[in-house]
1. Does the stretch 240-250 contain any residue that is modelled with pLDDT of 85 or more and of a type outside the set (Phe, Trp, Tyr)?
2. Please state which one of LEU194, LEU206 is loosely packed, with under 13 Cβ neighbours inside 10 Å and at pLDDT 85 or above.
3. Looking at GLY319, GLY329, which is the one that is under 24 Å from the mean Cα position of the chain (by Cα), under 21 Å from ASP250 (Cβ atoms) and crowded, with 20+ Cβ neighbours inside 10 Å?
4. If we only count strands (runs of 3 or more DSSP E) wholly inside the stretch 148-242, which ones have 2 or more residues that are in contact (Cβ under 8 Å) with a residue 40 or more places away in the chain?
5. Tell me yes or no: at least one residue of the stretch 280-292 is assigned to a helix (DSSP H, G or I), among the polar types (S, T, N, Q) and farther than 30 Å from LEU82 by Cβ.
6. Is it true that ILE83 is surrounded by 18 or more Cβ atoms within 10 Å (Cβ to Cβ) and touching a residue at least 60 places away in the same chain (Cβ under 8 Å)?
7. Residues ASN89, ASN126: which one is farther than 28 Å from VAL297 by Cβ, polar (S, T, N, Q) and crowded, with 20+ Cβ neighbours inside 10 Å?
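The values are calculated or read from the model by the stated rules, or taken from the named source; none is laboratory data. Every value quoted in this text rests on a predicted model; they were computed, and no experiment measured them. Virtual Cβ from ideal backbone geometry, glycine too; neighbours counted across all protein chains shown.
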Amino acid sequence: MSAQFFPSRTMSIYMGRLFILRSAAVLAALVLVLQALDLLGESDKILAVPGNDNGDIWHYVSMRMPQIIQRFLPFSVLLGTLITMVTLNQNSEVVSMKASGLSAHQVLAPLILASIGVAAIAFAFNERIVTRATATLNRWQKVEYAAIPMDSRVQSDIWVRDGTNLINAGSVEGRGMDTRLADVTIYDRTDGELSAIIKAKTGRPLASGWQLDGASRFDVKRGVRDDLGQMTTAPGVRPDQFTLASVDPDGLSFLQLWSAIDDLEAAGRPTRSLKASLWHKISGPLSTVLMPLLAAVAAFGVARSGKLFVRAVIGMALGFAYFVADNFGLAMGDLGVYPPLLAAWGPFFLFLLIGEYVLVKTEE
């Protein structure tokens, strides 16, 4: 099967190397330019915080660059494929391959195989690096680049309602009965007016409520502060109200997001938009497999016909149309208009069919 579908080993390695090197070069150029532009707007904010220095800027770069790579990898694969195809066409290499009896699908086979490898690497990169960097960077930006524990497993600045009272936790870690709160503030309101502010260093769940340690109470009307030490409060507040108060799908891996969705469903909360993001963690990296198919229109046709540039533009337009449709599908999934599977996979299969149709018509 391999001998029938792929060209010779030498030709496959040659085309795959061209594709990988050009895609990597485009990605490197895009990342450098976009990271530099991003730093122009963020470096002043980082350095404006007392105690921050150039080391914090490099720390920001280390967390922001994985996001840029994730977002623009499919663009890089699209442009890398176009450059490879246009070069092969201009040098009449595609004509030579077709004259030897290879079909259009056989010509593209090495590129598709290489793009599957890129998709697998992209998925692993997103799961192991991008999610952690995104979670940590979001927490850092939430406090405007002030000092925080750089741990992506810790949520920060979580608000929960307890009847008419409001509870704020500076940081939340753990799940279930192992949930731990830090820098807890309770705003005690009576008849719509603030009557007292309770502050505590830490908090943990009990069967009868939440145990606060190092607590103090400030009476707003009397202006008196009392040290309470240890106290129990908020009997109606569940641990998942803190741990699931802010579920960021971009900051969670596939399995972590799957687990969070299960917890949310058990708590009776809507999860349709999160399910769309869950499946997009697979369909997103897999979009690199579409790029050789969508850009293949630039490979076929005689270069001397003068339409090579037009073909390249058509291939680029097809690729960018996919990204527009993909973002539109996710937006519709977030709004609940599309089912999660349709929002995540609909654009992928639609443009798979479009690319296959264009390739067949072009070859004819």
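1. yes
2. Checking each option against the conditions leaves just LEU206.
3. Numbers: GLY319 fails: under 21 Å from ASP250 (Cβ atoms).
Residue meeting the stated conditions: GLY329.
4. Answer list for the stretch 148-242: 155-162, 165-173, 180-190.
5. no
6. Yes; evaluated as a whole, the condition is true for this residue.
7. Working: ASN89 fails: farther than 28 Å from VAL297 by Cβ.
Going through ASN89, ASN126 in turn, the sole match is ASN126.
Here's the yes/no breakdown for (1) within 23 Å of the chain's Cα centre (by Cα); (2) of a type in the set (Gly, Ala, Ser); (3) over 15 Å from MET11 (Cβ atoms):
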| site | (1), (2), (3) |
| --- | --- |
| VAL77 | yes, no, yes |
| THR84 | no, no, no |
| ALA119 | yes, yes, yes |
| ALA122 | yes, yes, yes |
| PHE125 | yes, no, yes |
| ARG128 | yes, no, yes |
| THR136 | yes, no, yes |
